[in-house]
Amino acid sequence: MTTSDVTSLYEEFPFPSPAEDAPLMDMIADQLPFVLRDSELEGWEVLDAGCGTGSILLALARRYPRARFTGVDACRRSIEVARRSAEWYGITNVELVHGSMPELDLRRRFDLVVCCGVLHHLPSPRAGLQWLTEHMADDGLIHLWLYGAVGEHSRMLDRELVQLLTPPGGSHKDGLATIRDLGLQLSLADYGFPAGWTGTPLSAAEQDVADADAYLNPVVEPMRFADMPELFAGLPVTWLAADRVYHPGGIGLVDLAGRQAETDGGTVFVRPEDLFDRPGLQDRVRELGNLDRLRAIELRLRPTGFEVIAGRGAGLDRCVPRIAGNLLPFGDGPGPGVR
Ligand SMILES: C[S@@+](CC[C@H](N)C(=O)[O-])C[C@H]1O[C@@H](n2cnc3c(N)ncnc32)[C@H](O)[C@@H]1O
């Protein structure tokens, strides 16, 4: 499978919405105050790699008018929708580039590289990640959203069934017909979004996009936290940390070292010991190292998606203390945070 097999799907079903006036998705913009110390990002250069139709990117640009944003996507139609959407919303601090990782060379480096729901669709996630690190500034940060293998197990089986029962050589429309015949429909609630991405239910066209992405994508590789050290091994980052989990019960910020109050204005923090009622089990979970504590979260909450953040140089100092408490064992970098 190649990138063009993947992008041909998105040319027909631009993600997350073909409509330029669709509500923007604040999921990362709302999260950054719980990740970065800097509340304005003044002068920051931010890259959204695989920005799709720009829903997350434009929401970020709207929230941080003093930063400059670049969105890249291999799907030409998605970039066109994103351009029209930027105009619709009057957002001017965004540049949109059509191009494919890892071939495209932007000849610039960024303070923050966001890559949401993309790396697991690349024929080589590792080559894509290397490209992201090449576009990261010296003290830069990379933030990834990835499918979680534990919570996605059942959907991967449904996806296999759809692909098995779609006639060989069938079009994407044939695939969508198979999805409907099987009575399948992707539930965003499984990702912690009870009503659409933005609180607004999906339109019929957006549900088709979500289902095509979920069941017809020719390349998908769900992962786990434990895969991250190997995925990043040898790349020019010095530390790696867990950030958020997305699961049927909601979306929570991982806080392995307990550095945040339990809730903060409706924001939920996830500590593995809190996922067990019995004091004995809580004590056992407290004794585990960070990677095993993340395993406990995965096995208990079964996240369909998760986020990690990585960086080098002074990048960790740009993050809130919670991130330093979530470090994974990695290279010679700073060790997992002390609880
Ligand atoms: C699931 S969508 C995610 C879009 C957006 N990041 C979001 O979360 O709303 C995956 C996107 O990755 C893009 N993509 C896939 N392979 C790519 C590549 N090699 N280079 C750049 N973009 C790619 C697709 O065109 C698609 O827009």
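The values are calculated or read from the model by the stated rules, or taken from the named source; none is laboratory data. Owing to the predicted nature of the structure, the values given are computational and were not obtained by experimental measurement. Positions of Cβ are backbone-derived with ideal geometry, glycine not excepted, and every protein chain shown enters the neighbour counts. Areas reflect the complete protein model, heavy atoms only, side chains present, ligands, DNA and RNA absent. Shrake-Rupley method; radii C 1.70, N 1.55, O 1.52, S 1.80 Å.
Things to note:
- Yes/no for ASP48 being assigned to a strand (DSSP E or B) and either of a type outside the set (A, V, I, L, M) or open to solvent by less than 20 Å² (accessible area, probe 1.4 Å) (or both): yes
- Per the conditions (1) over 21 Å from the mean Cα position of the chain (by Cα); (2) within 21 Å of GLY52 (Cα to Cα); (3) open to solvent by less than 50 Å² (accessible area, probe 1.4 Å), the sole criterion not satisfied by LYS173 is (3).
- Figure legend. Inter-residue proximity from the range 253-268: first residues surrounded by fewer than 17 Cβ atoms within 10 Å (Cβ to Cβ), second residues at pLDDT 90 or above and basic (Lys, Arg), beta-carbon distance below 7 Å, spacing 6+ or different chains. Indicated pairs: GLY258/ARG271.
- Restricting TRP145, TRP131 to those that are under 14 Å from the mean Cα position of the chain (by Cα), within 16 Å of the ligand (Cβ to nearest atom) and among the aromatic types (Phe, Trp, Tyr) reduces the list to TRP145.
- Screening GLY280 against (1) out of contact with any strand residue (DSSP E or B) (no Cβ under 7 Å at 6 or more places or on another chain); (2) closer than 29 Å to HIS135 by Cα; (3) surrounded by fewer than 16 Cβ atoms within 10 Å (Cβ to Cβ) leaves a single unmet condition, (2).
- Residue match in the range 107-126 (condition: within 9 Å of the ligand (Cβ to nearest atom), open to solvent by 40 Å² or more (accessible area, probe 1.4 Å) and under 18 Å from VAL237 (Cβ atoms)): no
- Filter result for LEU41 (open to solvent by less than 20 Å² (accessible area, probe 1.4 Å) and in a helix (DSSP H, G or I)): no
- Looking across the range 97-106, just one residue is aliphatic (A, V, I, L, M) and near the ligand (Cβ under 7 Å from one of its atoms), and that is MET101.
- Only one of the listed residues (SER4, SER17) is under 23 Å from TRP131 (Cα atoms) and either of a type outside the set (Val, Ile, Thr) or assigned to a helix (DSSP H, G or I) (or both). That residue is SER4.
- Taken over the range 148-163, the criterion of being open to solvent by 30 Å² or more (accessible area, probe 1.4 Å) and either away from the ligand (no atom under 16 Å from the Cβ) or not hydrophobic (A, V, I, L, M, F, W, C) (or both) is satisfied by ALA149, VAL150, HIS153, SER154, LEU157, ASP158, ARG159, GLU160, LEU161, GLN163.
- Close contacts from the range 1-18, counting a first residue that is of a type in the set (A, V, I, L, M) and a second that is near the ligand (Cβ under 6 Å from one of its atoms) and not in a loop (DSSP other than H, G, I, E, B), with Cβ to Cβ under 6 Å and a gap of 6+ residues or different chains, come to VAL6/HIS121.
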